[in-house]
Amino acid sequence: MKKTLLIVMALLLTFLGACSSKETTSTAKSSSGGSKDKKVQKIIVGTGTQFPNICFLDKNGKLTGYDVELVRQIDEKLPEYEFEFKTMEFSNLLLSLETNKIDFVAHQMEVNDERKEKFLFNKEPYNVFPLQVTVHQDNNDIHSIKDLKGKKAIVSATSNSAVFLEKYNKENNAGIEIVYSGQGVDDTKNQIKTGRADATITTPFAVDFLNKQADAQQKVVGEPLLNSKVYFLLRKDETPLQKRIDEALVELKKDGVVSELSKKWLGADYSVGF
């Protein structure tokens, strides 16, 4: 009798152990399956290194600035994505986006018809971009864009400053000689400083930065020519990423993060008014 009882108990323990083992295996599979469902997608973000306060290399060679740090905050809000920056000349950004070398552009992109035709903007703006005529600090002849007739204005090719100036020149028969910078901000700064160019079209915060960091000796004149809202630029097929970026931006605005980043990098809250 005792022997029979021992055999029954042994069989019972074996059965319970088997059930426990199956439950653990099932849980582990469920956990494993859950992690597989949460694959992280790498997103390549195109930006530059020569836009003061927006996307540039600091004294330690670290990529930083308003757009860069905002993208990093958005990345923190989107666990399904991992953002990685790829830097290049501004003039190469749109081609890189079109040829799938990058997934979206973070470089204070304003809306224009040419860009809208080819690409997709996110819907939630994250900044206002005030463009003004900018000249050497000793220039007392140019007070507004109307004074640029017969003068040389330097802008970056494909920039909204260039698009605006080309359109203004054509529509107003303004007689402005437009030249395009070969090396971005440095080329523009040097041409203004040495008098080879009379003016450029840029932002007050860019001027402040260049004056402090590189003795650019510039000043803005006249009223703002544009107060365009700025966005991230994506390919036409990237609506899921567009939606998630917008959701993250809305949260970051509510949290006050966008406002604080604007004050830190641009000297004022340029995220207001929308």
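The values are calculated or read from the model by the stated rules, or taken from the named source; none is laboratory data. Fair warning: this is a prediction, and the values are worked out from it, not measured in the lab. Glycine gets a Cβ as well: all are built from the backbone with ideal geometry, and neighbour counts include every protein chain shown. The protein model used for the area step is the full one, side chains on, heavy atoms only, and it has no ligands, DNA or RNA in it. Shrake-Rupley method; radii C 1.70, N 1.55, O 1.52, S 1.80 Å.
Laid out as a table, the results:
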item	result
Lone qualifier among Lys236, Lys229 - being touching a residue at least 40 places away in the same chain (Cβ under 8 Å) and part of a loop (DSSP other than H, G, I, E, B)	Lys236
Considering residues of region 200-214 that are modelled with pLDDT under 95 and outside any helix (DSSP H, G or I) only, the residue least open to solvent (accessible area, probe 1.4 Å)	Thr203
Residue list for region 168-199, filter: open to solvent by 20 Å² or more (accessible area, probe 1.4 Å), assigned to a strand (DSSP E or B) and in contact (Cβ under 8 Å) with a residue 60 or more places away in the chain	none
Restricting region 247-258 to residues that are in contact with a Phe, Trp or Tyr (Cβ under 9 Å, 6 or more places away or on another chain) and of a type outside the set (Val, Ile, Thr), the residue that is surrounded by the most Cβ atoms within 10 Å (Cβ to Cβ)	Leu249
Residues of region 107-117 satisfying the condition of being farther than 13 Å from Leu93 by Cα, touching a residue at least 24 places away in the same chain (Cβ under 8 Å) and over 15 Å from the mean Cα position of the chain (by Cα)	Asn112, Glu114
Every residue from region 216-244 that is of a type in the set (A, V, I, L, M, F, W, C), open to solvent by less than 40 Å² (accessible area, probe 1.4 Å), more than 21 Å from Leu93 (Cα to Cα) and in contact with a helix residue (DSSP H, G or I) (Cβ under 6 Å, 6 or more places away or on another chain)	Ala216
Those residues of region 79-137 which are aliphatic (A, V, I, L, M) and open to solvent by 10 Å² or more (accessible area, probe 1.4 Å), in sequence order	Met88, Leu94, Leu95, Val111, Leu120, Val128
Residue within region 113-122 that is part of a strand (DSSP E or B) and either hydrophobic (A, V, I, L, M, F, W, C) or under 19 Å from Asn160 (Cα atoms) (or both) present	yes
Single residue of region 143-167 satisfying the filter (assigned to a helix (DSSP H, G or I) and in contact with a Leu (Cβ under 8 Å, 6 or more places away or on another chain)) that is nearest to Asn112 (Cα to Cα)	Asn160
Tally, over region 259-269, of residues that are in a helix (DSSP H, G or I) and open to solvent by 20 Å² or more (accessible area, probe 1.4 Å)	6
Test: Thr99 is more than 13 Å from the chain's Cα centre (by Cα) and β-branched (Val, Ile, Thr)	yes
